[in-house]
Structure formats: C-alpha cells, structure tokens
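Student: First the structure, which I've put down as structure tokens, then a few questions once you've had a look.
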Amino acid sequence: MTAQQSSVQRQAVYSAATYQLDVVKAARELALQLDSDDIGFVLFFCSSAYDLQALSKEMSSAFLHCEVMGCTSAGEVTPYGYSKSSISALGFSHKDFKVSGMRVPLEDFTLQSAQLCVSSLIEACQTDLKAPINGNTFVLTLIDGLSPIEERFLVTLDTALGRLPHFGGSAGDDINLANTHVYCDGEFHTNSAIVVMFNTHCPFEVFTTHHIESLDSKLVVTHADCNSRKVYEFNAEPAAQVYAREVGIHLNDLRPEIYALHPLAVLIGDQYYVRSIQKVNEDLSLDFYCAVDDGIVVTAMRPGDLFANTKETLSAMEARVGELEVTLACDCFLRRLEVEQTMKQGQAKAMISRFRLVGFNTYGEQLNGIHMNQTLTGVMIGKPPKDGAVKENADTAQEATEMSPYLAQKAG
C-alpha cells in the first residue's frame, strides 16, 4: 500500500433511503444501499404506513450480519430532503464505531434500572473500544412518542449517564396520534425506549437549536394534569379559548399548522424550551407533546428565520468538527409543517444536503434529560481519522466511574 493510499479517509457512516411501500422491496433496497462488510450497526426510521409486523421480519432477514434498531416517524429526513411514506437509514462502520443498544420498558424505569442499563452498555462498548469512553461517546434515545412518562424516563436516565452527552427523538406515526413504535431485537414495541451508546474515534458534537422568538406575552397554567400532558386552563379560562384569542384565530381553525406558527415555550434559566400543542379536546383543554404542570408560566412565541438559525448553528459546529461524515437529525415535525406552510421545501432540501442531515421528524426532541419540541436536535459526526491516527485506548473503567458515580460500585 502506498503512502498516498494509506492517508485516504474511509467512509464511517453510510446513508440509505427507500420509497418502496412493499416491505420486501423496501428491505431489499436498503440492504443493497448498505451492502458493505464494514457496517456493524444499522439505524432506521420508517413511516407508520408500512405493515410493521411484516417489515420487522424483512429487516431482520435483510441485515443478518448486524444489529438493527429504529423507530416509526412523523416523516423522514433522507439524503434527498424531507420525505413521507418512506424509510431513511444509516449504517455505522464497525471500524469506526462500537455501538451497543438495548430496549427498556418505560414503566417502572427506576434509577437502579438506569444504572444497570448504562453499566451494561459501557461493558458492551469495552469489548471493542474505539477511543476512551470519556469525550468519545454519545448516547441516542428513541422513545414511544405518545407515552406520558417520557420526561420521567429522561430525567432518570440522565442521572445515571453522568457527563455522557445524550440526545434523541420521540417516535411518530405520520401525525395520526394513534400508535408509535420503537424497533429492537427484530420487533416493533410500544411503551418502550431504545438506548444506544456510540463509542467512536470520529470527531462529533451533540447539539440542539431552534428559531423560536419570544413575544413576551405570558400565560399561567392554572389547571393541568401533568401525567396526561393536558392543560385545562390558562389564566383561569379554558386553555383552547385563551390560546385561540392569543394567536388571533377562531377556535374551529386550530390545527397543527397553527401550532407550528404560534408555539408556546417555558423559560428554563436563560433558554426557552418549546412546549408544542398536540390537539384541542371537546372540553377546550389542550393536549401537549411535553408535560406541562400547574403554576408553569408559558410564553407566546413566534418563528424566526428557520434557515438562518439552522445554518448558523450547523456551520459553527462544522468548523469545530471538521469535514462532515453525517448529521444524525431528530427534527420536530412542526418545523417541517412550517416549511411546507411557507412553501420553502427547496431551501430545506438544499440545507439537508449541505449538512448531510439524515434522520426523522419527531413528536419531541431530547437533550441531556430535557424534553422539548420544535427543535432540531442531533449529533454532527466528522470524518474518521486517517489510518494510524486513531487514539489509543485508556483505562475506561476509571473514566466510566468518573462520569457516573453510580458505576463506581461495579467498577470497584
């Protein structure tokens, strides 16, 4: 091998997409696009329009040589732009990523459960570590998007993960709001989450961004049921009535496109986190995609420039990460609705191509224990190091203990 050949950067992440609705053809098409012996893990996002039971069987058959995980979506982000009734997928090279994942039930997810989960994932990564755990590992969570206990799960997991950065998205179902699923061990599941740990020597950065701006108009939640994510009253009046008045439209005209253009948010520290409306109920209460509790003050917001905000955020990251491999994107479906409402699909396609976004439209986004809406959240991954430039492994047991005190007992 020549010196010039040895310095060539290999491909670390492979992308694929299929628009075939026949599950046999769809799985085969993905397998052809991800036909590389390098791939050790496949992540996919699919429309709920597919026969999920049949698709699970075909995906298992198509990728016998590697582990496969994923979820249903509210739209897909493919190398060719936004898509519907399709499947987007990523294949991760086993030379550059050690990936370990597992499904966990959302019910009864205790701190002990979270500690065992994190410990098991780190142990699995240590069998073929690519770089020291600390600073070279991120975690992806995919969660049943209609579960009312996402927030509790995320806070518990965040405690166990310590300093490990983690992000994710809530599974969708093409805005049907009926059933959302995650995929693991050859089957689709509800009331579950998937936790996936990626250890890599590729540079990366976990991020979140939104383009929503404050209107400084405050609404106080005076009656809510946090467990069901339902708000009955703002300012002691029916919630839907107050919201419709706030945005200046008739009650009967409330719909997802309106929620996308007139969001609400809570202020945590100096940052606004969007809490998006899911639907209006007959009693004029509002269902949300995130938990909202009594006494919370929400602020009326308006969209700023989605493209300027996103390009600024991703460009700054690219300068730090270096040449791009891929950006795994959990992109709220309400952002997509805004793009469609404003007829800017062409700009979206150009931006997706420019920053190599692949992923899905979500019912909610997650970052380090916080659940939010109407954001773009994900991880930007750079090209792998040239041959011979891979970091040497370190004492990972010690690093794991430092990152999460709950692993100290096990490591000892």
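Student: Please report Rg (one decimal) and Dmax (integer) in Å for the Cα set of segment 323-377.
Tutor: That works out to 11.8, 34 Å for Rg and Dmax.
Student: Tell me which lysines have Cα within less than 16 Å of K25's Cα, excluding those fewer than 8 residues away on the same chain?
Tutor: K57
Student: Which shape class applies to segment 74-175: rounded if a/c is under 1.5, otherwise prolate when a/b exceeds b/c and oblate if not, where a ≥ b ≥ c are the square roots of the Cα gyration tensor eigenvalues?
Tutor: Values: a/c = 2.41, a/b = 1.17, b/c = 2.07.
Note, shape of segment 74-175 comes out oblate.
Student: Using a 10 angstrom cutoff on alpha carbons, build the Gaussian network for the chain and name the most mobile of V195, V24, V99.
Tutor: V24
Student: Semi-axes, largest first, in whole Å: what does sqrt of 5 times each Cα gyration tensor eigenvalue give for segment 212-303?
Tutor: Numbers: eigenvalues 60, 50, 27 Å².
Each semi-axis is the square root of five times an eigenvalue, giving 17, 16, 12 Å.
Student: When averaged across all projection directions, what area in nm² does the alpha-carbon convex hull of segment 161-285 cover? Kindly include the intermediate steps, with their values, before the conclusion.
Tutor: Details: hull surface 44.2 nm².
Orientation-averaged projected area of the Cα hull: 11.1 nm².
Student: On a full-extension model of 0.36 nm per residue, what is the gain between A124 and S315, subtracting their alpha-carbon distance, rounded to one decimal in nm?
Tutor: Numbers: separation 191, 0.36 × 191 = 68.76 nm, distance 3.37 nm.
Net length gain for the segment: 65.4 nm.
Student: Can I ask one more? Which value, in Å², gives the accessible area per residue of segment 60-149 when a 1.4 Å probe is used on the protein heavy atoms?
Tutor: Working: 3000 Å² over 90 residues.
For segment 60-149, the per-residue accessible area is 33 Å².
Student: Pop the C-beta distance of T190 and H223 into the FRET formula with R0 = 35 Å and round what comes out to the nearest 0.05. Spell out each step's value before the answer.
Tutor: Numbers: r = 29 Å, r/R0 = 0.83.
The computed FRET efficiency comes out at 0.75.
Student: Heavy-atom accessible area per residue, segment 212-303, 1.4 Å probe: how many Å²? Mind showing how you got there, number by number?
Tutor: Working: 4240 Å² over 92 residues.
Per-residue accessible area for segment 212-303 comes out at 46 Å².
Student: Calculate the tail of P(r) for segment 110-164: the fraction of all Cα-Cα distances greater than 14 Å, expressed in %.
Tutor: Working: 877 of 1485 pairs.
I get 59 percent for the Cα pairs in segment 110-164 exceeding 14 Å.
Student: Taking a cut-off of 22 Å, what percent of all Cα-Cα pairs in segment 86-240 are separated by more than that? Kindly include the intermediate steps, with their values, before the conclusion.
Tutor: Working: 6302 of 11935 pairs.
It works out to 53 percent of all Cα pairs.
Student: Send over the per residue convex hull volume for segment 257-335, Cα only, as a whole number of Å³. Please report the intermediate quantities before stating the final value.
Tutor: On the way: hull volume 10.2 nm³, N = 79.
Expressed per residue, the convex hull around the Cα atoms of segment 257-335 is 129 Å³.
Student: Could you point to the label whose value was computed as Rg/Rh (Cα atoms, Kirkwood Rh) for the structure here, given [x] 1.05; [y] 1.50; [z] 0.97?
Tutor: Here Rg/Rh (Cα atoms, Kirkwood Rh) agrees with entry [z].
Student: Could you please state how large a percent of the accessible area of the chain is carbon and sulfur, counting protein chains only and using a 1.4 Å probe? Mind showing how you got there, number by number?
Tutor: Numbers: 7810 of 16630 Å².
Whole-percent figure for carbon plus sulfur exposure: 47.
Student: If you don't mind, there's one more thing I want to ask. Which of the lysines could a cross-linker bridge to K311, judged by Cα under 24 Å and excluding same-chain residues fewer than eight apart?
Tutor: The reachable lysines, counting only those whose Cα sits under 24 Å from K311, are K84, K344, K349, K383.
Student: Could I ask something else about it? Between N252 and Q341, what length in nm is gained on full extension when 0.36 nm per residue of separation is reduced by their alpha carbon distance? Don't skip to the answer; put the middle values down first.
Tutor: Working: separation 89, 0.36 × 89 = 32.04 nm, distance 1.87 nm.
Working it through step by step, the gained length comes to 30.2 nm.
Student: Still on this structure, I have one more. Using only alpha carbon positions, build the gyration tensor of segment 23-109, then give the equivalent ellipsoid semi-axes as the square roots of 5 times its eigenvalues, largest first, whole angstrom.
Tutor: Working: eigenvalues 74, 69, 37 Å².
With the √(5λ) rule applied to segment 23-109, the semi-axes are 19, 19, 14 Å.
The values are calculated or read from the model by the stated rules, or taken from the named source; none is laboratory data. In this text the structure is predicted, and so the values were computed from the model without any measurement. Ideal geometry is used to build each Cβ from the backbone, glycine not excepted, and the neighbour counts take in all protein chains shown. Protein only, heavy atoms only, side chains kept; ligands, DNA and RNA dropped before computing areas. Shrake-Rupley method; radii C 1.70, N 1.55, O 1.52, S 1.80 Å.
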